[in-house]
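Written out below as structure tokens is the structure these notes cover.
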Protein chains: 2
Amino acid sequence: MSRIVAFETTDIRFPTSLSLDGSDAMNPDPDYSAAYLRIVTDAADGVDGHGFVFTIGRGNDVQVAALDALAGHLVGRELEPLLDDMGRTNRALIGDSQLRWLGPEKGVMHMAIGAVVNALWDIKAKRAGLPLWQLLSRMTPDEIVALVDFRYLTNAITPDEALQILRDAEPGRAAREQELLTTGYPAYTTSPGWLGYSDEKLARLCREAIADGFGQIKLKVGADLEDDIRRLRVAREVCGPDFPIAIDANQRWEVSEAIEWVNALAPFGLAWIEEPTSPDDVLGHAEIARGVAPVRVATGEHAQNRVIFKQLLQADALSVMQIDAARVGGVNENIANLLLAAKSGVPVCPHAGGVGLCEAVQHLSMFDFVAVSGTREGRMIEYVDHLHEHFVVPTDVRGGVYAAPLAPGAGMEMKAESRAAYEWEGTRVGV
Amino acid sequence: MSRIVAFETTDIRFPTSLSLDGSDAMNPDPDYSAAYLRIVTDAADGVDGHGFVFTIGRGNDVQVAALDALAGHLVGRELEPLLDDMGRTNRALIGDSQLRWLGPEKGVMHMAIGAVVNALWDIKAKRAGLPLWQLLSRMTPDEIVALVDFRYLTNAITPDEALQILRDAEPGRAAREQELLTTGYPAYTTSPGWLGYSDEKLARLCREAIADGFGQIKLKVGADLEDDIRRLRVAREVCGPDFPIAIDANQRWEVSEAIEWVNALAPFGLAWIEEPTSPDDVLGHAEIARGVAPVRVATGEHAQNRVIFKQLLQADALSVMQIDAARVGGVNENIANLLLAAKSGVPVCPHAGGVGLCEAVQHLSMFDFVAVSGTREGRMIEYVDHLHEHFVVPTDVRGGVYAAPLAPGAGMEMKAESRAAYEWEGTRVGV
């Protein structure tokens, strides 16, 4: 038996706004940040658990306060009972009735719970000597179903239906694991398309993306239609007529505006339109999906929880589902999201980028391929080539694919020297 | 000209869990709390602005951290330009792209913005020498429309449509203001129905509610069907066959479970079923509404923003809309919510209770009556007789009606001695 002895939180911010990396129509000057958690135990193995919430700067301190508010749930507790029943552990954190009032299950408090859950998975995976994707992929269907909180989901998927999906995928697990280890998981890149880049930089980065083997690029749009047309023309000329180009409006539009704008850009050939409007607007996304078809709608990086994903699927509001490793309540809720998508036959193409999101979310897509949907068809993980050098197990993306990570853990561990170097010590910054 | 010179925040918690006041199926032991904000200026008038976020205990410190994160936006700023264009001020707070990432527009960060907006309205109303409801009711339709952020709303209501609603209500304003000052605004009471109370206490409080002149009571349900049947029978016997009795499940059920449970209780005669399932589940509420008709569905106290209210109305998912003064982004967003309801012809019956919610939300209903919907028909404000003594302008509820407050301000100012007496100094409490 071992105990959790400390809950170490750090406010980490990278000054990315200085280079306009990550600039889009809603986020002109992000400073990629992490409200970082390290769970320390008294075990002789020296294993600790790492998780974080990704933010883009101001407010990262609020997110750290939310992590601190969860310390009382865990510090002093015996670790093994928590790790042995991660379904119960997850439900206990989500179920704190007083903390629940702050959401429920959304925003700052819910993301903090997600970071705690992910940090516990990190310990569990390290103790098992496996990368998270492999640990999850080797659990039985019953064990996986027990991880999921089906509250509010049963009108879309029941535990029995989830079990059947997982059982159907069971026979092919070993073969797919081998295939994954050999060929990796497809990536697409957003690096060329940030709004703050010049046309020359855009063209150069498009060429590099193709040369690097990526199967799709994505451009930020939504600030100015003429600019978007010009930039799409540049990208299309460089990439050729058949190369998939997605666009991302980062919630910029009204519903009718989205339909008009996307239809104006559709002649350039669009792989999908991402986040056309408010991430809360299920019915709006459904209206947009009908209005821009056959262009596909993608969303999810700001979907606050499984209840929103459930409805987006019920309303045929998306064709591409974009989970995020640090937005919802952690690994457990993302398993619910993967099961919802699998039942609907909708491909999951996770949101990544930021800081550490690629490192974390690849485990979920790889688990999905091996043990849930059983396919990579039409799936890929976003990739942005920023800040990977700060992670103990950085993503290994070559030839346009994510190589399956082999190191034990959940992938969110940042190097100690990076954590120290980018610990935020600034004063509060206003507008 | 004057400046904002301080942003004073306090973590205030009342130990209400000791008496089971406020206990329901999801919240067994709430400690009614306020993440409290006082905005201090250097003006000679000595007027300061008070606002808060209501929480139920743990996590109130996180909510205070979120208030602190907004200080940089306001401290040192000239006050008059902020107060003169509250629409712009509201949009600037909501629009901080970095803070927005923590929601967007939901949960801890959004509620903190709401408290700031409300505290600024408190100053504006005090400077005008008017209670908030009267200040708002005397603004022109154009001025009111300028307060609203229509982003993500225009497929349900446009600024022009809002203007027309307000203009249509303009001729009757003076008469309704007089009527309100004379007869007040109807209240209903939840005091009898907390889940932790004995049948004897329930029966006694039902009798008292009727004797006190309330036109409706509400019972908490959802923990155990047999208990609910027994308690409804007690209440119905005491109240008689025609007295309106609403029930409130506080998000306890799955969709199909809600339909079955409500239909099992429907023979007792239900004024409405409140919060049957997840507050995020627009489509689920719509399915429940169809499944329990003619029983009406009420929801909204946990609706995170105007985009959720918009969809609830679009989907015919509610028949009674329950705004909350401290859940969304403050007075401005609640004006949007009132306009959405008015366009749909749905009555607004605000959530109140907790600590200070009655004091705050009455201003919005009274403004709605005078200047927006123009009617009290089918409308009433929740009332719970707890903790009013801590407010500088406590609610005056007699004969089952809220008397219109006459004191200047927005109603959220807690007495200094109460703030000092209930300031939280405890250590963090786990489960």
Check your understanding: Which far-off residues, 5 or more places away or on another chain, put their amide H under 5 Å from the one on A:TRP272, with H placed in the peptide plane?
Key -> A:ALA246, A:ILE247
Exercise for review: Round to a whole angstrom and tell me the spacing of the C-alpha centers of segment A:340-363 and segment A:236-276.
Suggested key: 21 Å
Check your understanding: Restricting to chain A, what percent of DSSP beta bridges are antiparallel, rounded to 5?
Key -> 60 percent
**Study point:** Mean projection area, nm², convex hull over Cα of chain B
**Key:** 19.3 nm²
Practice item. Can you send over the carbon and sulfur percentage of the accessible area for the protein assembly as shown, probe radius 1.4 Å, protein chains only? Key: 50 percent
Point to revise | Residues losing 50 Å² or more accessible surface upon assembly, segment B:54-102, compared with the chain by itself, 1.4 Å | key: B:ILE56, B:ARG58, B:VAL62, B:SER97, B:GLN98, B:TRP101, B:LEU102
Check your understanding: Ignoring ligands, DNA and RNA, what accessible area per residue does the protein assembly as shown give at 1.4 Å, in Å²?
Key -> 31 Å²
Revision key, fill the gap. For segment A:169-417, percent of DSSP beta bridges that are antiparallel (nearest 5) comes out at 25 percent
Check your understanding: For segment A:113-120, in order, what is each residue's ³J(HN,Hα) by Karplus, 6.51 cos²θ - 1.76 cosθ + 1.60 with θ = phi - 60°, in whole Hz (x at glycine and Pro)?
Key -> 4, x, 5, 5, 4, 5, 5, 5
**Study point:** Where only alpha carbons of segment B:94-242 are counted, the Rg and the Dmax (Å)
**Key:** 21.8, 55
Study note, to complete from the structure: Output for segment A:339-419: GluC sites (Glu not before Pro) sitting in coil per DSSP, at most 12 other Cβ within 10 Å, listed by number, reads A:GLU377
Point to revise | Amide proton proximity set for B:VAL5, modelled H, under 5 Å, gap of 5+ | key: B:VAL40, B:THR41, B:ASP42, B:GLY76
Revision key, fill the gap. For chain B, the longest principal axis of the Cα atoms and the Cα long axis of helix B:199-211 enclose an angle in degrees, to the nearest 10, of 60 degrees
Practice item. Relative to the longest principal axis of the C-alpha atoms of chain A, give the angle of the C-alpha long axis of helix A:331-344, reported between 0 and 90° and rounded to the nearest 10°. Key: 50 degrees
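Can you tell me how segment B:303-431 classifies by the Cα gyration tensor, rounded, prolate or oblate, using a/c under 1.5 as the rounded cut?
Oblate is the answer for segment B:303-431, as a/c is 1.5 or above yet b/c matches or exceeds a/b.
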Practice item. Using the Karplus curve 6.51 cos²θ - 1.76 cosθ + 1.60 with θ = phi - 60°, work out ³J(HN,Hα) for each residue of segment B:85-93 in order, rounded to whole Hz, and write x for Gly and Pro. Key: 10, 5, x, 5, 4, 4, 5, 5, 5
Review point. What is the Rg over Rh value, at two decimals, for segment A:169-417, using alpha-carbon atoms and the Kirkwood definition of Rh?
Key: 0.95
Point to revise | Distance from segment B:87-161 to segment A:397-420 (C-alpha centre basis), Å | key: 43 Å
Check your understanding: For q = 0.05, 0.10 Å⁻¹, what log10 I(q)/I(0) does the protein assembly as shown give under the Debye formula with an equal point scatterer on each alpha carbon and no solvent?
Key -> -0.26, -1.09
Exercise for review: Between chains B and A there is a rotation axis; tell me the chain B residue with the nearest beta carbon and how many whole Å away it sits.
Suggested key: B:GLY107, 1
Practice item. Take the Cα of B:ASP85, step 7 Å along the line toward its Cβ, and report every residue of segment B:132-157 whose backbone nitrogen sits under 19 Å from that point. Key: B:140-151
Check your understanding: Which trypsin sites (Lys or Arg not before Pro) in segment A:228-270 pass both tests, a DSSP loop state and at most 10 other beta-carbon atoms within 10 Å?
Key -> none
Study note, to complete from the structure: Heavy-atom accessible surface buried between B and A, both sides counted, 1.4 angstrom probe, nearest 100 Å², is 5800 Å²
Check your understanding: Where is the GNM fluctuation largest for chain B (alpha-carbon springs, 10 angstrom cutoff): B:TRP133, B:TRP253, B:TRP101?
Key -> B:TRP101
Practice item. Treat each spin label as a single point 7 Å out from the Cα along the C-beta direction, and report the B:LEU18 to B:THR182 distance in nm. Key: 4.6 nm
Exercise for review: Search the structure for amide H atoms under 5 Å from the amide H of A:ILE381, placed 1.01 Å from N in the peptide plane, and list their residues when 5 or more places away or on another chain.
Suggested key: A:ALA187, A:TYR188
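What is the Cα radius of gyration of segment B:176-223 over 2.2 N^0.38 Å, N being its residue count?
1.45
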Practice item. Determine the percent antiparallel among the DSSP beta bridges restricted to the protein assembly as shown, to the nearest 5. Key: 60 percent
Practice item. Output the Cα-based Rg and Dmax of segment B:63-141 in Å, rounding Rg to one decimal and Dmax to a whole number. Key: 13.2, 37
Practice item. Using only Cα atoms, tell me the angle between helix B:357-367 and the longest principal axis of chain B; keep it within 0 to 90° and round to the nearest 10. Key: 80 degrees
Practice item. Please turn the phi angles of segment B:314-330 into ³J(HN,Hα) values with the Karplus equation 6.51 cos²θ - 1.76 cosθ + 1.60 (θ = phi - 60°), one per residue in order, whole Hz, x for glycine and proline. Key: 4, 8, 6, 8, 9, 10, 9, 9, 10, 6, 9, 5, 10, 9, 9, x, x
Revision key, fill the gap. Mean 1/r over distinct Cα pairs of segment B:103-147, inverted to a Kirkwood Rh in Å, yields 11.7 Å
Revision key, fill the gap. Dividing the alpha-carbon radius of gyration of segment A:131-183 by 2.2 N^0.38 Å, where N counts its residues, gives 1.28
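The values are calculated or read from the model by the stated rules, or taken from the named source; none is laboratory data. All of these numbers come straight from a predicted model, not from anything done at the bench. Glycine gets a Cβ as well: all are built from the backbone with ideal geometry, and neighbour counts include every protein chain shown. With ligands, DNA and RNA removed, areas are computed over all heavy atoms of the protein, side chains included. Shrake-Rupley method; radii C 1.70, N 1.55, O 1.52, S 1.80 Å.
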